[in-house]
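For reference, the structure is listed below as structure tokens.
The values are calculated or read from the model by the stated rules, or taken from the named source; none is laboratory data. Given the structure is predicted, the values throughout are model-derived calculations rather than measurements. Cβ atoms come from the backbone with ideal geometry, glycine included; neighbour counts cover every protein chain shown.
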Protein chains: 2
Amino acid sequence: MEYMQQPTPVLRRPLHEEAADRIRDLIVQGQLAPGTRLNERLLTAQFGLSRTPLREAFKVLATEGLVELLPNRGAIVSQIDAERLAQTLAVMGALEALAGEFACLNATEAQLNEIRALHYEMLAHHARGDLAGYFKFNQAIHLKIVKYSGNAVLHTTYRQMNGYVRRARYMANLSRERWDAAIGEHNEILAALGARDAKRIKALLSDHLAHKLASVLAELGRPQAKQVA
Amino acid sequence: MEYMQQPTPVLRRPLHEEAADRIRDLIVQGQLAPGTRLNERLLTAQFGLSRTPLREAFKVLATEGLVELLPNRGAIVSQIDAERLAQTLAVMGALEALAGEFACLNATEAQLNEIRALHYEMLAHHARGDLAGYFKFNQAIHLKIVKYSGNAVLHTTYRQMNGYVRRARYMANLSRERWDAAIGEHNEILAALGARDAKRIKALLSDHLAHKLASVLAELGRPQAKQVA
DNA sequence: TTTTTGTATTCTGCATGCAAAATGGAATAC
DNA sequence: GTATTCCATTTTGCATGCAGAATACAAAAA
């Protein structure tokens with residue numbers, strides 16, 4: 001026979017990937033707080049695998065910046081450093097502005113409608129004063145814009161940085177003014193997307209993320225001297 | 001006694017880091033061509049370590065995108081995909097434009113002088129028609145600008161992408177016109193840096209990288225349909 | 001009490017072992 | 001000649017073993 005059997009969809013994923021995904025989720029969701037030690041014995045027992053793939057997962061997560069490897073003292077969940085947070089948000093701003101441009105050019109109408117749906121969900125949560133719900137849909141919108149840019153490198157990079165930033169939970173005391181302003185900005189962003197106005201969306205997203213950064217910096221009390229963010 | 005002995009500078013680095021660094025260099029320098037299989041037995045023999053840290057290094061390099069892990073078939077040097085290359089260059093453009101702004105604000109005069117020195121070295125190689133020498137100093141200048149932005153996240157991200165891109169060696173047949181134009185752009189960039197003109201350097205770097213991208217796309221024959229780069 | 005020292009235990013970093021999968025031919029069938 | 005089957009060898013993925021570093025903690029000293 002000369003036909004090929006397609007390589008079995010996903011019979012089994014490598015254990016180190018499985019482990020990395022599970023730990024990553026625990027970290028990003030906040031179940032594993034910054035500074036928490038990642039005890040190998042406990043985690044191998046919890047995940048039902050051996051130390052080898054677990055330790056491989058540690059290395060992957062360290063490369064992503066979610067975990068810190070201390071020589072001879074194992075791995076801890078990386079601390080949320082105010083300066084690094086600010087720097088990351090600055091970079092995310094540039095990335096998302098670029099993503100917005102591409103999304104204007106490449107996104108299908110169906111994809112824009114997905115974003116519109118999320119937008120109205122978000123408005124609903126804002127109207128109710130539900131910050132957590134707002135936050136969730138807000139995140140989803142930003143991620144969709146980046147995804148529909150069609151640039152996979154951009155998407156991967158952005159998501160990784162978002163994983164670091166999400167842990168900060170700085171939104172907890174978002175002021176009402178800033179919240180309302182953000183909603184206004186989102187309305188404009190949606191309009192620009194619908195109009196496929198790349199220049200405008202770039203400017204809007206750039207400003208939107210700059211405001212977000214400013215509000216985070218205010219929250220943190222501007223601990224850094226230089227303006228690298 | 002209550003004094004602390006400082007934690008020994010670097011008595012020994014973890015083996016997986018050592019291995020990752022060595023393999024990364026081999027890949028970025030082009031000694032290990034895209035598609036090359038990374039045989040564990042050979043590499044452990046060559047590096048004088050066991051499979052465990054070597055395989056950890058593979059996972060790190062896979063996370064960085066330099067290596068691809070094929071289930072049950074080990075690791076290969078990742079292929080240079082034209083689309084991914086274009087997407088990466090687009091992202092690097094946005095990153096470097098941002099870096100330029102920060103560098104204008106943060107770089108010391110001494111740091112600018114370093115960049116000036118590299119610039120003149122580059123001009124010398126251009127004058128001699130030495131493409132390899134030009135390429136080397138051109139790279140160095142761009143990396144310095146990103147470094148002196150003072151944004152470590154930006155720097156790390158940019159360097160990682162640069163590692164992927166460098167392997168393409170697309171500069172091999174840079175046209176004389178484009179080369180001369182690039183030199184002109186670099187002169188302007190240097191002037192804007194010296195003048196600490198953030199707005200201008202952002203525009204200049206954005207254009208400069210867009211031109212670079214265009215020249216690479218021309219080289220590759222524009223294989224992608226959508227404009228995601 | 002507070003600090004220091006000694007020691008048992010735990011944990012990490014790396015090497016090695018083992019089963020399953022993949023690879024490379026040689027022999028066979030078409 | 002080309003394609004298929006079989007088997008030996010290699011290679012991978014993961015588990016386990018072992019030495020040394022780190023940690024915890026009790027006893028001794030200040």
(Q) Given (1) within 11 Å of chain A (Cβ to nearest Cβ); (2) over 21 Å from B:ASN151 (Cβ atoms), identify the lone condition not met by B:ASP25. (A) (1)
(Q) Name the single residue that is farthest from DNA strand D (Cβ to nearest atom) among those in region A:70-92 being within 11 Å of chain B (Cβ to nearest Cβ) and surrounded by fewer than 20 Cβ atoms within 10 Å (Cβ to Cβ). (A) A:GLU83
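Being hydroxyl-bearing (Ser, Thr, Tyr) and within 13 Å of chain B (Cβ to nearest Cβ), is that true of even one residue in region A:168-176?
No: region A:168-176 contains no residue that is hydroxyl-bearing (Ser, Thr, Tyr) and within 13 Å of chain B (Cβ to nearest Cβ).
A quick yes/no check of all residues on (1) within 20 Å of the chain's Cα centre (by Cα); (2) more than 13 Å from chain B (Cβ to nearest Cβ); (3) surrounded by 15 or more Cβ atoms within 10 Å (Cβ to Cβ):
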{"site": "A:LEU105", "(1), (2), (3)": "no, no, no"}
{"site": "A:THR108", "(1), (2), (3)": "no, no, no"}
{"site": "A:ILE115", "(1), (2), (3)": "yes, yes, yes"}
{"site": "A:ALA127", "(1), (2), (3)": "no, yes, no"}
{"site": "A:ALA132", "(1), (2), (3)": "yes, yes, no"}
{"site": "A:ASN138", "(1), (2), (3)": "yes, yes, yes"}
{"site": "A:LYS147", "(1), (2), (3)": "yes, no, yes"}
{"site": "A:TYR158", "(1), (2), (3)": "yes, no, yes"}
Q: Specify which of the listed residues (A:VAL67, A:VAL28) is buried (at least 16 other Cβ atoms within 10 Å of the Cβ) and within 19 Å of B:LYS59 (Cα to Cα).
A: A:VAL67
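Please verify whether B:LYS202 is closer than 24 Å to A:GLU83 by Cα and part of a helix (DSSP H, G or I), treating the condition exactly as stated.
Yes, satisfied.
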Q. Hey, does region A:202-209 have a residue that's more than 30 Å from B:ASN162 (Cα to Cα) and acidic (Asp, Glu)?
A. no
Q | Any chance A:GLY30 is on the phi > 0 side of the Ramachandran plot and at pLDDT 95 or above | A | no
Q.
Criterion first (in contact (Cβ under 8 Å) with a residue 12 or more places away in the chain and within 12 Å of the chain's Cα centre (by Cα)) does B:ARG167 satisfy it?
A. yes
(Q) Can you list the helices (runs of 4 or more DSSP H) lying wholly within region B:5-124 that have 1 or more residues being of a type in the set (S, T, N, Q), touching a residue at least 40 places away in the same chain (Cβ under 8 Å) and away from DNA strand C (no atom under 13 Å from the Cβ)? (A) B:82-106
